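The values are calculated or read from the model by the stated rules, or taken from the named source; none is laboratory data. All figures in this text were calculated on a predicted structure; none of them were measured in a lab. A quick note on method: Cβ atoms are made from the backbone with ideal geometry, for glycine too, and the neighbour counts reach across all protein chains shown.
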Amino acid sequence: MKWCAVICLLFALVACDDLPYAEPCNEQTCQLPDCRCSSTVIPGGLEARDTPQFVLVTFDDNINHVNIETYRDILYNRRNSDNCPSGFTFYINHEYNNYVFVNELYNQGFEIALHSITHQEPMSYWEEASVETMTREFGDQILQMSHFANIPYDSIDGMRIPFLQLGGNSSYQMMAENGLLYDHTWLTITNIEPAIWPYTLEHASTQDCVIEPCPTASIPGVWVLPMLTWRDLNDIPCPMVDNCPTAPDLTDEEGWFQFIVSNFERQYLGNRAPFGFYIHAWYLSVNPAVERALDRFLDLINNLNDAFLVNSRDVIEWVQNPVPVNEYRQQPCNTFVPTTCAAQSCGPIQAEHKEDYDYWLQGCAPCPRVYPWLNNPLGV
Ligand SMILES: *[C@@H]1O[C@H](CO)[C@@H](O)[C@H](O)[C@H]1NC(C)=O
Ligand SMILES: [Zn+2]
């Protein structure tokens with residue numbers, strides 16, 4: 001009896017450390033705004049024709065003086081057909097990032113999101129990362145980004161893990177602990193037609209697990225914004241527009257425009273799950289025809305009454321409180337708190353993680369003592 005109690009107690013202590021296992025989702029108990037089962041059902045039980053088609057154009061990696069030109073050229077001063085400013089989301093990693101430009105993007109009303117401090121290789125680093133590692137890479141990056149770009153801490157809601165490499169439960173657990181709303185890393189190949197809508201991780205996900213390990217624990221309050229893969233010209237899936245094996249010729253603007261539109265139509269003429277154009281900006285900078293094709297596609301969306309270029313977090317907010325497109329068009333536009341930047345050009349700054357290596361850092365905060373890095377995100 002006594003021994004049993006001791007063993008039970010030990011078992012309870014061990015079990016406490018583990019997160020509860022996610023059970024199959026129950027539509028009766030899992031309800032909006034805070035819970036949604038993974039499914040292809042349109043939120044709010046809407047018909048596709050009444051559903052706003054959200055378009056997520058997202059850019060990965062650091063912001064620099066080359067890609068900011070692309071962003072200024074094709075993204076600034078756009079309005080959707082409801083006359084609200086268009087949104088775009090940037091998944092930014094720290095190394096060589098220019099925080100003065102991040103401040104500028106934020107003040108355009110765009111969304112600033114996380115893509116880790118180190119963005120290091122190999123992929124197995126992310127695959128095996130503990131909650132602690134994820135916290136140093138992303139949790140600390142919230143503080144780093146808000147400090148050097150001088151943007152509100154609360155304006156950072158989302159993340160994408162480098163190389164789209166999931167790390168099982170650990171990144172999602174870190175999100176719950178750090179108040180992050182959504183992750184936009186988990187790609188789907190099979191759930192694109194009809195497509196899976198964003199969902200929470202309180203219950204087991206039914207999404208295909210392409211880059212293992214996927215989470216299996218129950219983690220309430222955290223949203224998965226699935227990355228819907230495209231199909232290339234040979235029907236091969238590709239998560240990022242710049243890694244489709246067979247794409248139109250890089251000088252063929254019309255071909256690229258058609259390529260984008262045909263992938264868009266899979267969602268627009270389907271169940272209207274958020275369509276993604278996911279790309280690294282360098283691809284546009286070196287391929288002007290692709291940039292022009294994207295520019296034309298953005299014009300097309302801006303002229304559709306039922307499609308909207310939005311920040312990624314806006315999709316989660318809509319899913320939490322879904323309304324038909326005619327009602328959505330009447331809603332007030334999103335607002336944000338504008339900030340200023342007292343630009344500092346810092347350098348050379350010594351790196352502590354690399355021997356004999358100096359960095360320069362452009363930011364909106366006083367110059368750091370050393371180059372900010374893992375375990376010292378502010379470089380104090
Ligand atoms: C995630 O958590 C569940 C529940 O505690 C556990 O069974 C599973 O092994 C964990 N996955 C990983 C990759 O650690
Ligand atoms: Zn990246």
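Residues to consider are Thr58, Thr40; find the one that is out of contact with any Gly (no Cβ under 8 Å at 6 or more places or on another chain) and away from ligand 1 (no atom under 16 Å from the Cβ).
Working: Thr58 fails: out of contact with any Gly (no Cβ under 8 Å at 6 or more places or on another chain).
After applying the criteria, what remains is Thr40.
Looking only at residues of the range 226-235 that are assigned to a loop (DSSP other than H, G, I, E, B) and in contact with a Leu (Cβ under 8 Å, 6 or more places away or on another chain), we find that the one that is surrounded by the most Cβ atoms within 10 Å (Cβ to Cβ) is Pro226.
Out of all the residues in the range 308-344, which are surrounded by 15 or more Cβ atoms within 10 Å (Cβ to Cβ), among the polar types (S, T, N, Q) and not in a strand (DSSP E or B)? Asn311, Ser312, Gln320, Asn334, Thr339 - these are the residues of the range 308-344 that are surrounded by 15 or more Cβ atoms within 10 Å (Cβ to Cβ), among the polar types (S, T, N, Q) and not in a strand (DSSP E or B).
Table: residues versus (1) at pLDDT 95 or above; (2) within 24 Å of the chain's Cα centre (by Cα); (3) among the charged types (D, E, K, R).
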| site | (1), (2), (3) |
| --- | --- |
| Asn271 | yes, yes, no |
| Tyr278 | yes, yes, no |
| Asn303 | yes, no, no |
| Ala307 | yes, yes, no |
| Lys354 | no, no, yes |
| Leu374 | yes, yes, no |
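Of the residues making up the range 311-323, those that are under 17 Å from Phe110 (Cα atoms) and either polar (S, T, N, Q) or under 12 Å from the mean Cα position of the chain (by Cα) (or both) number 6. Of the residues that sit in the range 34-87 and are in a loop (DSSP other than H, G, I, E, B) and small (Gly, Ala, Ser), which one is surrounded by the most Cβ atoms within 10 Å (Cβ to Cβ)? Restricting to residues being in a loop (DSSP other than H, G, I, E, B) and small (Gly, Ala, Ser), the top hit is Gly87.
Please enumerate the residues belonging to the range 133-157 that are among the hydroxyl-bearing types (Ser, Thr, Tyr), in contact with a Pro (Cβ under 9 Å, 6 or more places away or on another chain) and touching a residue at least 24 places away in the same chain (Cβ under 8 Å). Full working, then the answer.
The first filter runs over the range 133-157 and keeps only residues among the hydroxyl-bearing types (Ser, Thr, Tyr), leaving 133, 135, 146, 153, 155.
Those still in the list that are in contact with a Pro (Cβ under 9 Å, 6 or more places away or on another chain) too: 146.
Those that are among the hydroxyl-bearing types (Ser, Thr, Tyr), in contact with a Pro (Cβ under 9 Å, 6 or more places away or on another chain) and touching a residue at least 24 places away in the same chain (Cβ under 8 Å): none in the range 133-157.
Of all the numbered requirements in (1) farther than 29 Å from Asp73 by Cα; (2) of a type in the set (Ser, Thr, Tyr); (3) in contact with a strand residue (DSSP E or B) (Cβ under 7 Å, 6 or more places away or on another chain), Tyr357 misses one, and that requirement is (3).
Of everything listed in (1) in contact with an Asp or Glu (Cβ under 6 Å, 6 or more places away or on another chain); (2) touching a residue at least 40 places away in the same chain (Cβ under 8 Å); (3) farther than 25 Å from Cys84 by Cβ, the single unmet condition for Leu374 is (1).
Just to verify a result, which residue in the range 184-216, among those that are among the hydroxyl-bearing types (Ser, Thr, Tyr) and assigned to a strand (DSSP E or B), is surrounded by the fewest Cβ atoms within 10 Å (Cβ to Cβ)?
Going through the range 184-216, the residues among the hydroxyl-bearing types (Ser, Thr, Tyr) turn out to be 185, 188, 190, 199-200, 205-206, 216.
Next, only the ones that are assigned to a strand (DSSP E or B) stay: 188, 199-200.
On the way: Thr188: 21, Tyr199: 23, Thr200: 26.
Looking at the filtered set, the residue picked out is Thr188.
Residue check: is Met123 within 20 Å of His184 (Cα to Cα), in the same structural domain as Thr229 (by TED's automatic domain parsing) and within 16 Å of ligand 1 (Cβ to nearest atom)? Yes.
Of the candidates Gly276, Gly221, Gly270, the single residue that is in a strand (DSSP E or B) and either acidic (Asp, Glu) or out of contact with any Leu (no Cβ under 7 Å at 6 or more places or on another chain) (or both) is Gly221. Within the range 217-234, residues that are closer than 30 Å to Thr29 by Cα sit with their Cβ atoms under 7 Å from residues that are within 16 Å of ligand 2 (Cβ to nearest atom) and of a type in the set (Phe, Trp, Tyr), at 6+ positions apart or across chains, in these pairs: Val224/Trp186; Pro226/Trp186; Met227/Trp186; Met227/Tyr278. Look at the range 261-286: where a residue is surrounded by fewer than 23 Cβ atoms within 10 Å (Cβ to Cβ) and a partner is polar (S, T, N, Q), sitting 6+ places away or on another chain with Cβ atoms under 7 Å, you get Tyr268/Gln53; Asn271/Thr40; Ala281/Asn67; Ala281/Thr70; Trp282/Asn67; Ser285/Asn67; Ser285/Thr70.
Yes/no per residue for (1) within 16 Å of ligand 2 (Cβ to nearest atom); (2) of a type in the set (Asp, Glu); (3) within 29 Å of Trp373 (Cβ to Cβ):
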| site | (1), (2), (3) |
| --- | --- |
| Thr40 | no, no, no |
| Gln53 | no, no, no |
| Asp60 | yes, yes, yes |
| Asn80 | no, no, no |
| Ser86 | no, no, no |
| Thr89 | yes, no, yes |
| Asn93 | yes, no, yes |
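Among the residues of the range 156-175, those identified as more than 14 Å from ligand 1 (Cβ to nearest atom) and either surrounded by fewer than 24 Cβ atoms within 10 Å (Cβ to Cβ) or of a type in the set (D, E, K, R) (or both) are Asp157, Arg160, Pro162, Phe163, Leu164. So in the range 51-94, with the set limited to residues that are in contact with a strand residue (DSSP E or B) (Cβ under 9 Å, 6 or more places away or on another chain) and of a type in the set (A, V, I, L, M), which one is farthest from Val290 (Cα to Cα)? Going through the qualifying residues, I end up with Ile92.
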